[in-house]
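The values are calculated or read from the model by the stated rules, or taken from the named source; none is laboratory data. Small disclaimer: the values here were computed from a predicted structure and weren't measured. Quick reminder, even Gly has a Cβ in these numbers, built from the backbone with ideal geometry, and neighbours come from all protein chains shown. The area values use the complete protein model at the heavy-atom level, side chains included, leaving out ligands, DNA and RNA. Shrake-Rupley method; radii C 1.70, N 1.55, O 1.52, S 1.80 Å.
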Amino acid sequence: MRYSVFSLVANALSGDRFWTPVWREPAPKAAYEVVIVGGGGHGLATAYYLAKEHGVNNVAVVEKSYLGSGNAGRNTTIIRSNYLLPGNIPFYEWSMKLWEGLEQDFNYNAMVSQRGVLNLFHSDAQRDAYVRRGNAMRLHGVDAELLDRDQVRAIAPFLDFDNSRFPIQGGLVQRRGGTARHDAVVWGYARGADSRGVDLIQNCEVTGIRAESGRVIGVETSRGFIRAKKVGLAVAGHSSRVAAMAGLRLPIETHVLQAFVTEGLKPLINTVVTFGASHFYISQSDKGGLVFGGDLDGYNSYAQRGNLPLVEDVMEGAMALWPGLGRIRVLRHWGGVMDMSMDGSPIIDRTPIEGLYLNGGWCYGGFKATPASGWCFAHLIANNEPHPFAAAYRLDRFATGHLIDESGHGAQPNLH
Ligand SMILES: Cc1cc2nc3c(=O)[nH]c(=O)nc-3n(C[C@H](O)[C@H](O)[C@H](O)COP(=O)(O)OP(=O)(O)OC[C@H]3O[C@@H](n4cnc5c(N)ncnc54)[C@H](O)[C@@H]3O)c2cc1C
């Protein structure tokens, strides 16, 4: 069913009785050409582009819970391409370009909102770092603008500009950045993949990966063995556990990241703001809640919930940046499990097992990457060759030393 203003009016006038389900609920078949493990944004986008761009539609996406139950439905929805290093900028900018046409492409309202992303700076050194980042972006054709204190004040007058420790000096803004409704992105890709013949199999956990003579032949699941010529892993925070089923030890640690939402408010902040003095960022959802988050919890865990010291840390960041927040009530908070790579950049690559492909290491920035990740992973699986935009995201870079250390922290995932 194609969505349009006409289908909306027709269904409204007929009592909403003729909407069809957004996707089917098929039983797993015995064999597929490609099985994608993980029904988050990346797995679903991969299946969508495999079918749409490469004509490969004998595909199953196998998800242990419901679609979007992982980080795809738990993130703070920020999209941007304000990266510094050559390995990253073209990839994230391609993602931004895909975001810009996504809703028309998959005929679904993902509420993509280019409301801008503003990174504040609080010292001369930090300003210089942002000037460098902005120049790198512009050299790659990405929009970036340095704002002074008054220009920031015009956008967000309620911030604490004269904080005695962290006075706001200005900011780097990417106006094409912004937010997208995370679960609508999942549903849009799911619907687009399903309508092209992809089987989306929920409540089906992969429990083993079978290979013969160095070549993958399928996956063991809670609903039986599924044979496949190719298997793509897109399980985010579970990457190291699932890859271990094939005997692979990945340069990935899993950490918890929390997010927070307040009670609904009238429109208050019309952009995304990040605090430069601690890891704190905030935006407002279209429903009115302020959505914010901060650092990782700082210990390894697969539990999708966070701990209280980090709640306190995030609230400290909030109060230092925007003291008025102290009067607003937090309604909900939750955690997701992040696949933290050793240089903070992702992996989209073949593995030593023929026919087994890996998509992971997204850290806490993989939502914005969803379209390009799916696009490049589909290209890799279909052609057995990396897409040029993802050519740097090799698994062997941790052995060869060709790291993409965007944040300059080295092999310390909790600091990325
Ligand atoms: C609190 C929080 C805030 C964030 N904020 C942002 C942000 O603002 N911007 C941004 O760009 N990124 C953000 N991220 C990161 C982003 O959400 C992730 O990097 C991205 O969603 C990961 O890709 P995915 O969507 O495919 O992962 P997921 O949605 O986690 O998909 C992986 C799926 O694999 C399934 N799975 C795991 N094991 C198995 C198995 N054995 N068998 C079958 N299925 C399995 C899981 O159930 C899950 O559904 C945030 C993350 C969190 C938690």
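Only one residue in Ser95, Ser81, Ser65 is within 15 Å of the ligand (Cβ to nearest atom), among the polar types (S, T, N, Q), outside any helix (DSSP H, G or I) and over 27 Å from Phe166 (Cα atoms). Which one?
Working: Ser95 fails: outside any helix (DSSP H, G or I); Ser81 fails: over 27 Å from Phe166 (Cα atoms).
Step by step, each of Ser95, Ser81, Ser65 is checked, and only Ser65 is within 15 Å of the ligand (Cβ to nearest atom), among the polar types (S, T, N, Q), outside any helix (DSSP H, G or I) and over 27 Å from Phe166 (Cα atoms).
Within region 9-23, does at least one residue satisfy the condition of being in contact (Cβ under 8 Å) with a residue 60 or more places away in the chain and either within 26 Å of Val242 (Cβ to Cβ) or within 22 Å of the chain's Cα centre (by Cα) (or both)? So far as region 9-23 goes, yes, one or more of its residues are in contact (Cβ under 8 Å) with a residue 60 or more places away in the chain and either within 26 Å of Val242 (Cβ to Cβ) or within 22 Å of the chain's Cα centre (by Cα) (or both).
When the residues of region 366-410 are filtered to those that are basic (Lys, Arg) and open to solvent by less than 50 Å² (accessible area, probe 1.4 Å), the one that is nearest to the chain's Cα centre (by Cα) is Lys368. If you check Asp297, Asp313, Asp339 for being open to solvent by 30 Å² or more (accessible area, probe 1.4 Å) and acidic (Asp, Glu), only one passes: Asp313.
Mind checking which helices (runs of 4 or more DSSP H) fall wholly inside region 292-409 and carry at least 2 residues that are modelled with pLDDT of 95 or more and of a type in the set (Asp, Glu)? Explain how you work it out, then say what you get.
Working: elements: 308-321, 370-383, 397-400.
Filter on region 292-409 gives 308-321.
When region 38-61 is filtered for residues that are within 16 Å of the ligand (Cβ to nearest atom) and more than 16 Å from Val186 (Cβ to Cβ), the ones remaining, listed by number, are Leu50, Val59, Ala60. Among residues of region 239-256 that are farther than 12 Å from Thr351 by Cα and in a loop (DSSP other than H, G, I, E, B), those with a beta-carbon under 8 Å from a residue that is β-branched (Val, Ile, Thr) and within 12 Å of the ligand (Cβ to nearest atom) at least six positions away or on a different chain give the pairs Met245/Val206; Met245/Thr207; Met245/Ile209.
In a residue-by-residue description of region 125-146, the property of being part of a strand (DSSP E or B) and out of contact with any Cys (no Cβ under 7 Å at 6 or more places or on another chain) applies to at least one position.
The residues of region 181-217 that are hydrophobic (A, V, I, L, M, F, W, C) and either open to solvent by 20 Å² or more (accessible area, probe 1.4 Å) or more than 11 Å from the ligand (Cβ to nearest atom) (or both), listed by number, are Ala184, Trp187, Ala190, Ala193, Val198, Leu200, Ile209, Ala211, Val216, Ile217.
For region 325-336, filtered to residues that are away from the ligand (no atom under 16 Å from the Cβ) and open to solvent by 40 Å² or more (accessible area, probe 1.4 Å), the residue that is nearest to the chain's Cα centre (by Cα) is Arg329.
Inspection of region 109-116 identifies no residue that is open to solvent by less than 10 Å² (accessible area, probe 1.4 Å) and not in a loop (DSSP other than H, G, I, E, B). Does Gly38 meet the test of being in contact with a strand residue (DSSP E or B) (Cβ under 8 Å, 6 or more places away or on another chain) and on the phi > 0 side of the Ramachandran plot? So Gly38 passes the test. Residue-level check: of (1) surrounded by fewer than 18 Cβ atoms within 10 Å (Cβ to Cβ); (2) at pLDDT below 95, Pro413 misses just (1).
Is it the case that region 146-157 has a residue that's crowded, with 16+ Cβ neighbours inside 10 Å and closer than 23 Å to Pro86 by Cα? Scanning region 146-157 turns up at least one residue that is crowded, with 16+ Cβ neighbours inside 10 Å and closer than 23 Å to Pro86 by Cα.
Being within 19 Å of the chain's Cα centre (by Cα) and within 11 Å of the ligand (Cβ to nearest atom): is that true of Cys363 here? Show your work before the answer.
Values: within 19 Å of the chain's Cα centre (by Cα): yes; within 11 Å of the ligand (Cβ to nearest atom): yes.
Yes.
Would you confirm, using the coordinates I've provided, whether Asp343 is acidic (Asp, Glu) and in contact with a helix residue (DSSP H, G or I) (Cβ under 7 Å, 6 or more places away or on another chain)? Spelling it out, it is not the case that Asp343 is acidic (Asp, Glu) and in contact with a helix residue (DSSP H, G or I) (Cβ under 7 Å, 6 or more places away or on another chain). Confirm whether Glu220 is touching a Lys or Arg at 6+ places or on another chain (Cβ under 9 Å), farther than 22 Å from Ala45 by Cα and more than 9 Å from the ligand (Cβ to nearest atom). Spelling it out, Glu220 is indeed touching a Lys or Arg at 6+ places or on another chain (Cβ under 9 Å), farther than 22 Å from Ala45 by Cα and more than 9 Å from the ligand (Cβ to nearest atom). Number of residues in region 257-278 that are small (Gly, Ala, Ser) and assigned to a strand (DSSP E or B): the value is 2.
If you scan region 21-37, which residues turn out to be under 16 Å from Trp187 (Cα atoms) and either in contact with a helix residue (DSSP H, G or I) (Cβ under 8 Å, 6 or more places away or on another chain) or polar (S, T, N, Q) (or both)? Spell out how you get there, then give the answer.
Within region 21-37, the subset under 16 Å from Trp187 (Cα atoms) is 21-25.
Answer for region 21-37, where residues must be under 16 Å from Trp187 (Cα atoms) and either in contact with a helix residue (DSSP H, G or I) (Cβ under 8 Å, 6 or more places away or on another chain) or polar (S, T, N, Q) (or both): Val22, Trp23, Arg24.
Restricting to region 17-57, give me the number of residues that are assigned to a loop (DSSP other than H, G, I, E, B), of a type outside the set (A, V, I, L, M, F, W, C) and open to solvent by 60 Å² or more (accessible area, probe 1.4 Å). Before you say what the answer is, go through the steps one by one.
Going residue by residue through region 17-57, those that are assigned to a loop (DSSP other than H, G, I, E, B) are 17-30, 38-40, 55-57.
Filter once more, so that each one left must be of a type outside the set (A, V, I, L, M, F, W, C): 17, 20-21, 24-26, 28-29, 38-40, 55, 57.
Add one more test, that the residue is open to solvent by 60 Å² or more (accessible area, probe 1.4 Å), and what stays is 17, 20-21, 24-25, 29, 57.
Residues in region 17-57 being assigned to a loop (DSSP other than H, G, I, E, B), of a type outside the set (A, V, I, L, M, F, W, C) and open to solvent by 60 Å² or more (accessible area, probe 1.4 Å): 7 in total.
Close contacts from region 71-94, counting a first residue that is free of Cβ contacts under 8 Å to residues at least 60 places away in the same chain and a second that is more than 6 Å from the ligand (Cβ to nearest atom), with Cβ to Cβ under 6 Å and a gap of 6+ residues or different chains, come to Ile89/Tyr83; Ile89/His140; Glu93/Ser81; Glu93/Val142.
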